[in-house]
Amino acid sequence: MQTLSLGTTGPQVSALGLGCMGMSPAYGQTDRAESIATIHAALDAGVTLLDTGDFYGMGHNELLINEALRTAPAALREQAVTSVKFGALRDHTGTFRGHDGRPKAVHNFLAYSLQRLGTDHIDIYRVARVDPDVPIEETVGAIAEAVQAGLVRHIGLSEAGPDSIRRAAATAPISDLQIEYSLLDRGIEDEILPACRAAGIGVTAYGVLSRGLISGHWGRDRAMAPDDFRRFTPRFSEQNIGRNLDLVDALRKVADGRGISVAQTAIAWVLAQSARRSTTIVPVIGARRRDRLAEALGALDVRLDADDLAAVEEAVPAGAAAGSRYPEEQMAYLDSEKKQMT
């Protein structure tokens, strides 16, 4: 497994990360035993970066990772790099109620995460969304205090726009920006990636398969569970799903020509952007099962040349996706989308 440095100050991590959100209630029914087995398989394959959020299943995800690490061989457990998002506020129904980036809230969230994870430190700690009511300098400054106390190793950002990135980097060293980046979501290329590159900040890209939409496994008549988050996401709506799957069909032709899967093609495209954009970009794959993990790992052996990349981008042109990546009320929380909304 190739390892990369997240930015100029961040940790060494595997070239592919494992996003654990889907192992908690988000996309419908979960299988705890299979989730833990998938984390173990990822660690065994050399995947070191495990990404979670304290609001995934209201702490369920952190407890799951705790169990997975406790039951993994010591050598694998010690190589894990935990990345934790905090700050999202939810009620008992799971509805999001905003975000809290106040310094005292930072220390509160951190204390609970350390307890649930069963550890004395978190490797990368980041606010899930920039709190519009709190200067980013104050939020990052509070995490920097936790770094000084030995409770956090590195500071990350999530879904931050260029101005917030620059202000955060002027406050304390930032390891990486976690943000959605895929063939369907390329808006970060114009301003956000250059801001990260200028500040020596790496990128951990989530949503690489657009929540399964461009995995090649999504059927046109697929039914979703009542509690599946994607039921409320515009790209999966009845009026948009057909157009988006037409893009997947076009991508499948390219994948078939290379003898690889659609998912591997989409992941390999993101992997190729590190060199193209002169920025360390680590895809974070939300595999919930060992077979999906194995497929994703296969993308590490795929090398797309210039002709391949051109064919992929012709199949899925920038801006071709139908529908936004989040429901309207959640798009309003994205500092990274401020320019597009004004």
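The values are calculated or read from the model by the stated rules, or taken from the named source; none is laboratory data. From a predicted model like this one, the values you see are computed outputs, not experimental measurements. Heads up, the Cβs are rebuilt from the backbone with ideal geometry, glycines too, and the neighbour counts pull from every protein chain shown. Just the protein is used for accessible areas: all its heavy atoms, side chains included, with ligands, DNA and RNA removed. Shrake-Rupley method; radii C 1.70, N 1.55, O 1.52, S 1.80 Å.
Residue by residue, here is whether (1) part of a loop (DSSP other than H, G, I, E, B); (2) over 30 Å from D249 (Cα atoms); (3) within 20 Å of the chain's Cα centre (by Cα); (4) without any contact (Cβ under 8 Å) to a residue 40 or more places away in the chain holds:
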| residue | (1), (2), (3), (4) |
| --- | --- |
| E138 | no, yes, no, yes |
| A170 | no, yes, no, yes |
| L177 | no, yes, yes, yes |
| M224 | yes, no, no, no |
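Annotation note: of G259, G323, G319, the sole residue that is in contact with a helix residue (DSSP H, G or I) (Cβ under 6 Å, 6 or more places away or on another chain) and at positive phi is G323.
Take the residues of the range 96-131 that are part of a strand (DSSP E or B) and of a type in the set (K, R): which is farthest from M58 (Cα to Cα)? Restricting to residues being part of a strand (DSSP E or B) and of a type in the set (K, R), the top hit is R126. Here H99 clears all of (1) in contact with a Phe, Trp or Tyr (Cβ under 7 Å, 6 or more places away or on another chain); (2) closer than 18 Å to D51 by Cα; (3) not aliphatic (A, V, I, L, M) except the condition numbered (2).
Among residues of the range 55-76 being open to solvent by less than 60 Å² (accessible area, probe 1.4 Å) and assigned to a loop (DSSP other than H, G, I, E, B), the one that is modelled with the lowest pLDDT is G57.
In the range 199-223, the residue that is nearest to S324 (Cα to Cα) out of those that are open to solvent by less than 10 Å² (accessible area, probe 1.4 Å) and among the polar types (S, T, N, Q) is S210. Exactly one of (1) in contact with a Lys or Arg (Cβ under 6 Å, 6 or more places away or on another chain); (2) open to solvent by 30 Å² or more (accessible area, probe 1.4 Å); (3) of a type outside the set (D, E) is unmet by R230. Its number? Of everything listed in (1) in contact with a Lys or Arg (Cβ under 6 Å, 6 or more places away or on another chain); (2) open to solvent by 30 Å² or more (accessible area, probe 1.4 Å); (3) of a type outside the set (D, E), R230 misses just condition (2).
Selection over the range 112-126 of residues that are of a type in the set (D, E) and either out of contact with any strand residue (DSSP E or B) (no Cβ under 7 Å at 6 or more places or on another chain) or surrounded by fewer than 21 Cβ atoms within 10 Å (Cβ to Cβ) (or both) gives a count of 1.
Kindly state which helices (runs of 4 or more DSSP H) lie completely within the range 262-321 and contain at least 1 residues that are surrounded by 19 or more Cβ atoms within 10 Å (Cβ to Cβ) and β-branched (V, I, T). Quick ask: steps written out before the conclusion?
Details: elements: 262-277, 290-297, 306-315.
So the answer is 262-277, 306-315.
Of the residues making up the range 183-198, those that are of a type outside the set (A, V, I, L, M, F, W, C) and open to solvent by less than 30 Å² (accessible area, probe 1.4 Å) number 1.
Looking at V316, V282, V302, which is the one that is of a type outside the set (F, W, Y), under 27 Å from A128 (Cβ atoms) and in contact (Cβ under 8 Å) with a residue 12 or more places away in the chain?
Details: V316 fails: under 27 Å from A128 (Cβ atoms); V302 fails: under 27 Å from A128 (Cβ atoms).
Sole residue among the options that is of a type outside the set (F, W, Y), under 27 Å from A128 (Cβ atoms) and in contact (Cβ under 8 Å) with a residue 12 or more places away in the chain: V282.
Could you tell me which residue of the range 67-103 is nearest to I124 (Cα to Cα), considering only residues that are in contact (Cβ under 8 Å) with a residue 12 or more places away in the chain and among the charged types (D, E, K, R)? Per the criteria, the residue is K85.
Residues that are among the aliphatic types (A, V, I, L, M) and open to solvent by 10 Å² or more (accessible area, probe 1.4 Å) were ranked within the range 32-47; the one that is farthest from R231 (Cα to Cα) is A45. Number of residues in the range 11-31 that are modelled with pLDDT of 95 or more and either open to solvent by 20 Å² or more (accessible area, probe 1.4 Å) or part of a loop (DSSP other than H, G, I, E, B) (or both) equals 5.
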